[in-house]
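Comments concern the structure below.
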Amino acid sequence: MIQNLHKTLGSTVFEDLFQKIESGFYPEGSKLPAENELVSIYGVSRPIVRNALQALREQGYIESTKGLGSFVTRNKSLRFMDFRPVVAQEDMLRCYEYRAAFEGVMAAQAALRRNAKDCVQLQKSYEEVEKLTNSSPGEIWEADIRFHETIAQASHNRFFYAGSSSHTFSNVTGHEQCFVVF
């Protein structure tokens, strides 16, 4: 497993813009800062910013129009996995097996790559879940989702982040639906 990745300046700018688009900081339809502003924000050269923007264009996250700038075309990753509805206990068991494998690796990478800001966010998310132990299932659920998203962000791997927010299992029992998102 790759532990110490050498990140280029271009990949750092790309990853940060990608995370800001994914998180909704730059919502769909919004205009990104101009190239000159991005150069100033990231402290990099214009060609590096252009390469990062090109990568975002190629992946369909932004569209650029000469003279107008770059606009976000979507703020959520395409689902790279689709799961059939979870309708039996066996399905739920397989779901938890999958989660255990996925979340374990994601947490391990977060432990290796976290920074001070990540540690603060992880602690806040953990404490939020802990203080809600006697709350409604919906409140606990939302806090748990935020905790897992925080772990994914701390991994500094956009695939874990996209994967953690794209896995939705639905359990259909009668007229109720239960979504399991991690």
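The values are calculated or read from the model by the stated rules, or taken from the named source; none is laboratory data. The shown structure was predicted, so the numbers you read here are calculated from the model rather than taken from an experiment. Methodologically, a virtual Cβ is constructed for each residue, glycine included, from the backbone with ideal geometry; neighbour enumeration extends over all protein chains shown. Just the protein is used for accessible areas: all its heavy atoms, side chains included, with ligands, DNA and RNA removed. Shrake-Rupley method; radii C 1.70, N 1.55, O 1.52, S 1.80 Å.
Just the accessible area for residue 159, please: 1.4 Å probe, Å², rounded to the nearest 10? Roll a 1.4 Å probe over it and residue 159 shows about 130 Å². The simple Förster model, with R0 at 22 Å and r as the Cβ-Cβ distance, assigns residue 57 and residue 34 a FRET efficiency of 0.90.
What does the highest-first list of 111-121, 141-151 look like by mean Cβ count within 10 Å?
Working: 111-121: 13.4, 141-151: 18.7.
Ranking the peptides 111-121, 141-151 by packing returns 141-151, 111-121.
Taking 0.36 nm per residue of separation and subtracting the current Cα-Cα distance, fully stretching the chain between residue 139 and residue 120 would add 4.7 nm. Cross-link reach is defined here as a Cα-Cα straight distance under 18 Å, omitting same-chain residues fewer than 8 places apart; for residue 117 the aspartates and glutamates meeting it are 15, 16, 127, 128, 149.
What length, rounded to one decimal in nm, is gained on full extension from residue 73 through to residue 41, with 0.36 nm per residue of separation minus their alpha-carbon distance?
Net length gain for the segment: 9.3 nm.
Taking a threshold of 29 Å on the Cα-Cα distance, which of the pairs 20/66; 31/124; 20/124 fall above it?
Numbers: 20/66 23 Å; 31/124 31 Å; 20/124 20 Å.
From the list (20/66; 31/124; 20/124), the Cα-Cα distance tops 29 Å for 31/124.
Surface listing: 42, 26 arranged by accessible area from highest to lowest gives 42, 26, probe 1.4 Å.
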